[in-house]
Amino acid sequence: QVQLVESGGGLVQAGDSLRLSCAASGRTSLGYTMGWFRQAPGSEREFVSAITWSGGITRYADSMKDRVTISRDNAKNTVYLQINSLKPEDTAVYYCASSPRILPRETNAYPYWGQGTQVTVSS
């Protein structure tokens with residue numbers, strides 16, 4: 001099993017930046033890729049970004065690639081998501097997830113999920 005714990009969410013104003021963290025523990029060797037997703041009320045969970053533990057290869061959703069940066073610290077088993085120029089439409093619960101595959105976008109490719117962290121952006 002892989003345990004994932006997100007942190008760093010909160011209430012921010014439009015235009016602010018935020019850095020989310022995801023700490024992985026347990027059998028982290030089961031995961032090759034770490035992904036970030038978000039889910040707004042009444043919407044499906046959508047892919048934001050992903051990174052491989054080995055090599056740090058990244059993938060971004062087209063809709064957010066200009067404002068987000070994903071990174072990882074292998075020594076700390078932690079993945080980060082930096083979001084800049086936040087907009088009210090970024091309000092969502094942000095989840096990190098672990099996948100044995102290489103940079104998938106599909107939620108069903110990620111067997112392990114964190115509990116999520118709420119990001120609320122006020123206008």
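Since every read-out is calculated from the coordinates, none of them should be taken as a lab result. Keep in mind that what you see is a predicted model, and the values were worked out from it rather than measured. Note that each Cβ is placed from the backbone with ideal geometry, even for glycine, and that neighbours are counted across all protein chains shown.
Rounded to the nearest 20, the size of the Cβ-charge dipole of the chain about its Cα centre is 340 debye, with Lys and Arg at +1 and Asp and Glu at -1. For the chain, averaging the sequence separation of C-alpha pairs within contact (under 8 Å, six or more residues apart) and dividing by the residue count gives a relative contact order of 37 percent. Here's how it looks for G26: its modeled amide H is under 5 Å from those of Q3, which are all 5 or more places away or on a different chain.
Counting Lys and Arg as +1 and Asp and Glu as -1, what is the net charge of the other residues whose Cβ lies under 12 Å from the Cβ of R67?
Numbers: positive: K65, K87; negative: D16, D62, D66, E89, D90.
Its environment carries a net charge of -3.
Rounded to the nearest 5, the antiparallel percentage of DSSP beta bridges internal to the chain is 90%.
Each other residue within a Cβ distance under 11 Å of Q82 adds +1 if Lys or Arg and -1 if Asp or Glu, for a net charge of +2. Projecting the Cα atoms of V121, T52, Y95 onto the charge dipole of the chain (Cβ charges, centred on the Cα centre) puts T52 farthest toward the positive pole.
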